[in-house]
């Protein structure tokens, strides 16, 4: 099995633990659409993606026409896309290699991610500190799982997957 196939299988298996085919899923930073294509192929039907780089959206449309036709891919700045979404719009919000590319944007980004998340936020990021966990827990998301992908040799990864569940306050 190749690294790309192993990453896809890991992503799908992780999401299957927290979502079913009808779960409303948003990927922040969809890039060229590879993750969305994998999720669509795995049977997830309510997918959305935000991608600020219009060149990457054009590649997504060319490389994955099925994603372009079946997934709500929203081009443009993530901050305006998130702010335009209602509270708890998405059952599951996914980031893969996006959050730590946005250093300095944490003040607005994390509260918006928490706001639009109804149930789960899954981050798969190249980070080694608990900063993400600390910030998200202050915003009402509790960590329920951590997978250090560096321990999975077939993935050839430096990423850490963290799953957070939104706490419902009464």
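The values are calculated or read from the model by the stated rules, or taken from the named source; none is laboratory data. Predicted model, so just to flag it, every value in this text is computed and none were measured. Every residue, glycine among them, receives a Cβ derived from its backbone with ideal geometry; neighbour counts consider all protein chains shown.
Residue by residue through the range 142-170, note down the ones that are farther than 15 Å from residue 17 by Cβ, more than 15 Å from the chain's Cα centre (by Cα) and without any contact (Cβ under 8 Å) to a residue 40 or more places away in the chain.
Once the filter is applied, which keeps residues that are farther than 15 Å from residue 17 by Cβ, more than 15 Å from the chain's Cα centre (by Cα) and without any contact (Cβ under 8 Å) to a residue 40 or more places away in the chain, the range 142-170 yields 142, 148, 150, 151, 153, 158, 167, 168, 169, 170.
For the range 3-14, check the following and say yes or no: at least one residue is surrounded by fewer than 18 Cβ atoms within 10 Å (Cβ to Cβ), within 29 Å of residue 167 (Cβ to Cβ) and under 13 Å from the mean Cα position of the chain (by Cα).
Of the range 3-14, the ones surrounded by fewer than 18 Cβ atoms within 10 Å (Cβ to Cβ) are 3-6, 9, 12-14.
Then keep just the ones that are within 29 Å of residue 167 (Cβ to Cβ); that gives 12-14.
Then drop every residue that is not under 13 Å from the mean Cα position of the chain (by Cα), which leaves 12, 14.
Yes, because at least one residue in the range 3-14 is surrounded by fewer than 18 Cβ atoms within 10 Å (Cβ to Cβ), within 29 Å of residue 167 (Cβ to Cβ) and under 13 Å from the mean Cα position of the chain (by Cα).
From the list 29, 33, pick out the single residue that is touching a strand residue (DSSP E or B) at 6+ places or on another chain (Cβ under 8 Å), modelled with pLDDT of 95 or more and on the phi > 0 side of the Ramachandran plot. Even if it seems obvious, please write down each step before you answer.
On the way: 29 fails: modelled with pLDDT of 95 or more.
Of the residues listed, the single one that is touching a strand residue (DSSP E or B) at 6+ places or on another chain (Cβ under 8 Å), modelled with pLDDT of 95 or more and on the phi > 0 side of the Ramachandran plot is 33.
Going through the range 37-85 one residue at a time, which ones are assigned to a loop (DSSP other than H, G, I, E, B) and modelled with pLDDT of 95 or more? Walk me through how you get there before you give the answer.
Step one: filter the range 37-85 for residues assigned to a loop (DSSP other than H, G, I, E, B), giving 42-45, 52-53, 64, 71, 76-77, 84-85.
Answer for the range 37-85, where residues must be assigned to a loop (DSSP other than H, G, I, E, B) and modelled with pLDDT of 95 or more: 42, 43, 44, 45, 64, 71.
Is it true that residue 127 is part of a loop (DSSP other than H, G, I, E, B), under 17 Å from the mean Cα position of the chain (by Cα), surrounded by fewer than 20 Cβ atoms within 10 Å (Cβ to Cβ) and without any contact (Cβ under 8 Å) to a residue 40 or more places away in the chain?
Values: part of a loop (DSSP other than H, G, I, E, B): yes; under 17 Å from the mean Cα position of the chain (by Cα): yes; surrounded by fewer than 20 Cβ atoms within 10 Å (Cβ to Cβ): yes; without any contact (Cβ under 8 Å) to a residue 40 or more places away in the chain: yes.
Here the answer is yes, as residue 127 does meet what is asked.
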